[in-house]
Amino acid sequence: MTNSTDRPPAETPPAQFGLRTLFWLLAALSVWFAAGVWFGPTAMLVLAVMAAAVVYLVCLSPETQEKSCLGVILLSVVIMVAVAVLPALQTAGKGRPSACRNNLYNLGRALEMYHARYGSFPPAFIADAGGKPMHSWRVLLLPYLERNELYRRYRFDEPWDGPNNRLLAKEVLDIFSCPTDDRARPGDTNYVAVVGPRTMWPAPASAGKDDAADGSHNTLLLVEVASSGIHWMEPRDLDVSALKHGINPAKGKGISSGHEGGIMVVFADWHVRFLSDSLDQDVLEALLTRDGNEPIDEQMLQ
């Protein structure tokens, strides 16, 4: 009679993809893809490396040696998906306008608060006695962007690049820059006013919603310019003559962005939208003029 203690040990069943394993795998992949969408490819790559490290530690553990095959499979899947998806995410993230939309929304809100206090939008610039631009509307907006301390340090008795004010040039305000513009210099702005006698920025004068005879919902307030070369404190914007180049022109500096297929803009009634670079030139001109009496409908903006 065989002693029970002489029986061979029971074989360990091979590792299988149970429901629990599948659940955690799907959850991990969901978190991984969400990180790529919201925080960019770098975050996704970091999570992939962390996951690979965890898998290797599990495989090396004596208690889970029998699961090494599963660990290798999971690691291989993570690496292959990372290699396949990261380039696509980099391209998609470059054209994703959500952060830019948020910036323009907050700038529009600040302009709305300025308008509520003074009855008009700020002038494109404040000039000296000789008519030379000294201070930008972006500086005037600082108190409405919760940057009161920076506003108090700015001196209006000297030009924007004077001895004191040039020391503030190192202040980089993300709200003035579009994240898709990776060629812009630190401190430069992507959001500009279109300046001209019939626009909402008839510099050096100011204009308000009552001046928008075409309706504030049909009149542009701010547009994008990719790699503008304009520091956010500089009293310089885009002349209305630049609209002749259209949106995202192949040549010349004009209304442009790093978004694929168009630009983000904010209207005088504070709403933000995306305009296609195939927008008809006459429609663009109608949107930039405040009193042209041009009929605009939604279909024309598609």
Here are some conditions: (1) outside any loop (DSSP other than H, G, I, E, B); (2) open to solvent by less than 60 Å² (accessible area, probe 1.4 Å). P123 meets all but one. Which one does it not meet? (1)
Return yes or no: is A99 at pLDDT below 95, surrounded by 12 or more Cβ atoms within 10 Å (Cβ to Cβ) and on the phi < 0 side of the Ramachandran plot? yes
If I go through region 127-155 residue by residue, how many of them are in contact (Cβ under 8 Å) with a residue 12 or more places away in the chain and either under 17 Å from A193 (Cα atoms) or within 21 Å of the chain's Cα centre (by Cα) (or both)? 14
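Residue-wise test of (1) assigned to a helix (DSSP H, G or I); (2) basic (K, R).
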| site | (1), (2) |
| --- | --- |
| R109 | yes, yes |
| E112 | yes, no |
| Y144 | yes, no |
| L150 | yes, no |
| C178 | no, no |
| A184 | no, no |
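The values are calculated or read from the model by the stated rules, or taken from the named source; none is laboratory data. Please read these numbers as outputs of a predicted model, since none were measured by experiment. For neighbour counting, all protein chains shown are included, and Cβ atoms are generated from backbone atoms with ideal geometry for every residue, glycine included. SASA here: full protein model, heavy atoms, side chains in, ligands and nucleic acids out. Shrake-Rupley method; radii C 1.70, N 1.55, O 1.52, S 1.80 Å.
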